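Some notes on the structure that comes next.
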Amino acid sequence: MAKGDERMYVVDRSVRFMRGFVSSYAPSSIKKLFWDREFSSGHWDFLDDTADDCVYQHLERYAKNGCILDLGCGPGNTANELADTAYASYVGVDISEAALRKARERTEVNGRSHKHTFVQGDFLGYQPAQKFDVILFRESLYHVPMGKIKTVLNRYSEYLRDRGVLMVRIGTMQDGKPKRRPLAMIGIIEKDFDVVEKNQYARGATVIVFRPTAYVT
């Protein structure tokens with residue numbers, strides 16, 4: 001590796017480390033400022049169209065025209081790309097008001113305002129007001145510290161309807177190489193929960209559907 005390329009690699013790695021640290025460990029007020037700046041700057045605009053994502057077939061299978069809670073919903077991709085007939089109501093939670101503004105605008109354009117609710121807040125401390133058929137972590141599990149994953153998932157399990165499921169969609173491979181931290185997260189789920197379904201996709205994403213072990217019959 002040339003010296004210039006090596007320096008750029010070190011800088012890029014440092015930036016990614018800082019992003020990960022802030023998004024997982026900083027106080028909620030700092031995380032909000034960080035993510036508002038990220039979404040306002042257009043840094044994540046390339047994610048605005050994910051209509052072919054592998055997670056939607058799983059959501060349609062388990063939502064069964066019921067209620068979805070989307071933790072870390074961002075600019076409203078799931079809310080606006082999922083088939084309108086797949087669910088009756090949707091609650092999206094995100095720490096960034098900038099992302100939620102875009103989500104609300106897209107929802108209004110798509111005529112779904114009557115079935116969508118968006119809440120600004122840190123999902124690590126969010127308290128739902130109802131129970132859901134599916135509680136989704138779409139890439140957002142990245143932002144949960146490793147030592148808190150089981151606790152966070154157990155807490156949200158209390159807000160599942162009868163036979164409801166938790167669902168995680170997370171990138172576990174990159175450029176053909178396994179990503180250690182996401183795979184460790186999947187390992188926690190497999191160890192401590194009842195896995196209903198797990199699928200690995202060619203683009204490197206894993207979708208895992210699970211319930212608390214108490215649901216096992």
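The values are calculated or read from the model by the stated rules, or taken from the named source; none is laboratory data. All figures in this text were calculated on a predicted structure; none of them were measured in a lab. In this analysis, Cβ positions are derived from the backbone assuming ideal geometry, glycine residues included, and neighbour counts consider all displayed protein chains.
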Legend entry - Members of region 185-202 that are surrounded by 13 or more Cβ atoms within 10 Å (Cβ to Cβ) and either more than 24 Å from residue 57 (Cβ to Cβ) or among the hydroxyl-bearing types (Ser, Thr, Tyr) (or both): 188, 192, 201
Inset, instruction - Could you check how many residues of region 158-191 are farther than 13 Å from residue 139 by Cβ and in a loop (DSSP other than H, G, I, E, B)? - result: 4
Inset, instruction - With the condition kept exactly as written, say whether any residue in region 56-73 is crowded, with 19+ Cβ neighbours inside 10 Å and on the phi > 0 side of the Ramachandran plot. - result: yes
Inset, instruction - For residue 166, work out the one condition from (1) touching an Asp or Glu at 6+ places or on another chain (Cβ under 9 Å); (2) touching a residue at least 40 places away in the same chain (Cβ under 8 Å); (3) of a type in the set (A, V, I, L, M, F, W, C) it doesn't fulfil. - result: (1)
Inset, instruction - Scan region 55-76 and report the pairs whose first residue is under 17 Å from residue 201 (Cβ atoms) and whose second residue is assigned to a loop (DSSP other than H, G, I, E, B), with Cβ atoms within less than 8 Å and a gap of 6+ or a chain change. - result: 56/82; 56/83; 59/82; 60/82; 60/83
Inset, instruction - Taking residue 98 as meeting all but one of (1) part of a helix (DSSP H, G or I); (2) modelled with pLDDT of 95 or more; (3) of a type in the set (A, V, I, L, M, F, W, C), write down the number of the exception. - result: (2)
